[in-house]
Each structure stands twice: as structure tokens, then as C-alpha cells.
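The values are calculated or read from the model by the stated rules, or taken from the named source; none is laboratory data. In this text the structure is predicted, and so the values were computed from the model without any measurement. Every residue, glycine among them, receives a Cβ derived from its backbone with ideal geometry; neighbour counts consider all protein chains shown. Just the protein is used for accessible areas: all its heavy atoms, side chains included, with ligands, DNA and RNA removed. Shrake-Rupley method; radii C 1.70, N 1.55, O 1.52, S 1.80 Å.
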Amino acid sequence: MIETKSYRDGARAVGPFAIAVAGFGISFGVLARAAGFGWLAPIVMSATTFAGSAQFAAVSVIGDGGTVATAVTAALLLNARYGPIGVSVAPYLTGRAWWRFVRAQLVVDESWALAAQGDGRFDPRVLVGAGLVLYCGWVGGTAIGSIGGEALGDPATIGLDAAFPALFLALLVPQLKGRRRLQAAVLGASIALALTPFAPAGVPIIAAAVVCLMGLRK
Amino acid sequence: MNATWLVVVLVGAGTIAIKAAGPVLLGGRPLPARFTGVVELLAPAVLGALVAVQTFGAGHTLVVDERLIGVAAAGIALWRKAPLLMVVVIAAATTAIARAFL
């Protein structure tokens, strides 16, 4: 395999995404603070988890009064996709185990997509360069949001409670490629709404995940 | 440790483990196609559920309130290919305005 691209190529290519991710980080900081996470916990969470949708899910379940177990389960279900994504890049992350471990943490949807060479192969330097820039944008944005978010006032007055579903909608739309995924989204939403009156907070979200078992049918 | 920090630690540890599993352990063996088919439907199902519950849920009841107006505005913004931060700001602003005036 010829590696013609450098870390810097990855960092440069990811620029527009990094701006969006920093903005996303700001909204995470603001919403996590509004959900009662304080200012430090959102920053630590972004620095260690580095997976936006899962962090939003965990914070929203806790904000709705859900238990730790349901919040963590909902978040990890959203991150389950990083299992197969990690497997897809594994052949290109060579070297010692600790070095593979470190670089694996820089895999997020955007860095993974940029590192894809279109033939099923991945450029590890683009992955790392892009991932590092995204990481800085994500953690920095979160810090701005969680520290500055206090100035914004009551979350409901400024419509922050609608920002959560809008954000999940924005994350969902690019996922809706093909009839199956659309069906999964609609079914997941229906199951969650049907269970809301009866189940403890957060449980309807986890229950909706069983929809993915229809992926077993060819 | 309170609930907030427990969530931060557990989600962090779980995510780090999931991300590391492939590159550290499997060393390039591909997943069976059936398993991939299941995993690719996880995100749409869970995100669809989150959109629905966050739009209509209020404790153990379902309500239609100003949030729906904000989410609809976000949908239009997404359709017009607005950037993510803009979508979120539009949703919040529309809801806040509706709440103040309706």
C-alpha cells in the first residue's frame, strides 16, 4: 500500500467539518449544563467519550429524570456502530497495541469518512490528522458552551428544550439512506412514543433499539 | 460519585472500549454480513426514538406544544441544507418566540 497522504492532508481536509463539530460542541456544552451536568463534567465527557450523539443521548435521558443505567445503555447503543467501523479500519492501524488503541479513539464518523479511499481501504494518516482536529474542535466547543452557557438564562424561555430534538433530527437525517433505515427510524420513534406513558424515563429509547433486529432479515 | 460523574465515567469507558475493540483485538477480520446489517440500523432506530420522545414527551405523558414548531422549523432548515449549529439555533429561537407570543 502506498501512503501518499500526510497527517496534514487529513487536518486540512477536515476544516469545514471541524467548524461544524465545534458548533455542535458548543450546543452540547450548553445543553449538558442546562440538564444539570455543571460546567466541568461536559468537558471531561467530551474529552473521554468523543462521540457526539451518544453524549447528547446520555445527557437528555438524565435531564428527563432517567437512571444512570438507562442513560449509559442508550449512549452505548448509539456508539455500537464504532464496533464494525473500528474493524473496517483495523488492517490499516499498524504498530504496537497501545498505538493502535490511541489512534482508534480518533475514529469518529467524519474522520472515518474522510479516510475512506473509496475502494474499501483507509488512509491511517488522514484518519489521525482529521481526528485530532475534530477532537480539538469538539472539546474546545464543549468548553465554550458549558462555561459560557450560564449567561443564557432559563433553558425553556430560550427554547433550549426544542434544541435537543432538533439536534437528534439533524443527526438522523444523514442516516436515512435507503428504505430500511427509514423504516427503522419510524418504527423506533413509534415504539418509544407508545412506551413513554408506562416505562421509566430512558427505557423507551432502549426498547426502540430492538428494531435493528430486522437487519437480520435479508 | 453522583449520577452525573457516573454517567461520564461509564459512557467514556464503554465508548473507549468499543472504539478500541476492532483495531486492538480483531486485527482486520471482517464482521459477518448479518451482524453489520443489524448494527447499521441501530443509529436510525435510536435517533428516531430520541427525536420523538424529546419532541412529544413530558414525563409520562405525550403533549403537543411549542417544541413541535421548533422541530418543524429545524426540519425545514435541514431540508435547505443549513449547517448544524444554525439548525439548532433556529429550533430554539422558533420555540422561544412561539412560547412568548402564542
Completion exercise
Along region A:71-81, Karplus-curve 3J(HN,Hα) (6.51, -1.76, 1.60; θ = phi - 60°) to the nearest Hz, with x for Gly and Pro, reads 4, 5, 4, 4, 5, 6, 5, 5, 8, 4, 4
Problem - Net charge contributed by nearby residues that have their C-beta within less than 15 Å of B:PHE101 (K/R +1, D/E -1) - result: -1
Practice task
Quick one: pull the percent of accessible area on region A:39-137 belonging to carbon and sulfur, 1.4 Å probe, ligands and nucleic acids left out.
Solution key: 66 percent
Completion exercise
For chain A, the per residue accessible area (1.4 Å probe, Å²) is 42 Å²
Completion exercise
For the B:PHE35, A:TRP99 Cβ pair and Förster radius 25 Å, calculated FRET efficiency rounded to 0.05 is 0.40
Practice task
Would you mind checking the tilt of helix B:3-21 against the longest principal axis of the Cα atoms of chain B, expressed as 0 to 90 degrees and rounded to 10?
Solution key: 50 degrees
Practice task
Would you mind computing the Rg to Rh ratio of chain A from its alpha-carbon coordinates, Kirkwood style for Rh?
Solution key: 0.99
Practice task
Between A:ALA47 and A:ILE144, with labels modelled 7 Å along Cα→Cβ, what's the label distance in nm to one decimal, could you check?
Solution key: 1.9 nm
Practice task
Could you tally up the Lys pairs in the protein assembly as shown with alpha carbons closer than 25 Å? Skip any pair fewer than 8 positions apart unless they're on separate chains.
Solution key: 4
Practice task
Note down the accessible area of B:ASP65, probe 1.4 Å, to the nearest 10 Å².
Solution key: 50 Å²
Exercise for the section: Report B:VAL9's accessible area, 1.4 Å probe, all protein chains in place, as a number in Å² to the nearest 10. Expected result: 70 Å²
Practice task
List the residues whose amide H sits under 5 Å from the amide H of B:ALA58, counting only those 5 or more places along or on another chain, with H placed 1.01 Å from N in the peptide plane.
Solution key: B:VAL63
Completion exercise
Diffing region A:173-179: the Karplus 3J(HN,Hα) column from phi (6.51, -1.76, 1.60, θ = phi - 60°), in whole Hz with x for Gly and Pro, holds 3, x, 7, 8, 8, x, 5
Handout entry: Positive-end residue of A:GLY63, A:VAL44, A:GLY95, charge dipole of region A:1-131 with Cβ unit charges
Key = A:GLY95
Problem - FRET efficiency estimate (nearest 0.05) - Cβ-Cβ, A:ARG121 to A:ALA151, R0 45 angstrom - result: 0.45
Practice task
With a ≥ b ≥ c taken as the square roots of the eigenvalues of the C-alpha gyration tensor of region A:40-136, please select rounded if a/c is under 1.5 and otherwise prolate if a/b is larger than b/c or oblate if it is not?
Solution key: prolate
Exercise for the section: Taking the dipole about the Cα centre of chain B, with the C-beta of Lys and Arg at +1 and of Asp and Glu at -1, give me whichever of B:VAL7, B:VAL24, B:ALA45 is farthest to the positive side. Expected result: B:VAL24
Handout entry: Net charge dipole size for region B:1-99 [Lys, Arg +1 and Asp, Glu -1 on Cβ; Debye, nearest 20]
Key = 260 debye
Handout entry: Dipole moment magnitude, nearest 20 debye, region A:1-106 about Cα centre, only Lys, Arg, Asp, Glu C-beta charged
Key = 320 debye
Handout entry: At most 15 other Cβ within 10 Å, DSSP loop - trypsin sites (Lys or Arg not before Pro), region A:139-215
Key = A:LYS177
Exercise for the section: Treat each spin label as a single point 7 Å out from the Cα along the C-beta direction, and report the A:LEU182 to B:ASP65 distance in nm. Expected result: 3.2 nm
Problem - Lys/Arg +1, Asp/Glu -1 at C-beta; the protein assembly as shown dipole; positive extreme among A:ALA208, B:ALA96, A:GLY159 - result: A:ALA208
Completion exercise
In Å², rounded to a whole number, the accessible area per residue of chain B with probe 1.4 Å is 49 Å²
Fill in the blank from the handout: Expressed in square angstrom to the nearest 10, the accessible area of B:GLU66 with a 1.4 Å probe stands at 50 Å²
Completion exercise
In the neighbourhood of B:VAL87 defined by beta carbon distances under 11 Å, the net charge of the other residues (Lys, Arg +1; Asp, Glu -1) is +2
Practice task
For the A and B pair, go ahead and give the buried accessible area with a 1.4 Å probe, both sides summed, in Å² to 100.
Solution key: 6400 Å²
Practice task
Report, in deg cm²/dmol and to the nearest 500, the calculated mean residue ellipticity at 222 nm for chain A, where each DSSP H run with n ≥ 4 adds -39500 (n - 2.57) and the sum is divided by the residue count.
Solution key: -20500 deg cm²/dmol
Problem - Rounded to the nearest 20 debye, dipole of the protein assembly as shown from Cβ charges on Lys, Arg, Asp, Glu - result: 1100 debye
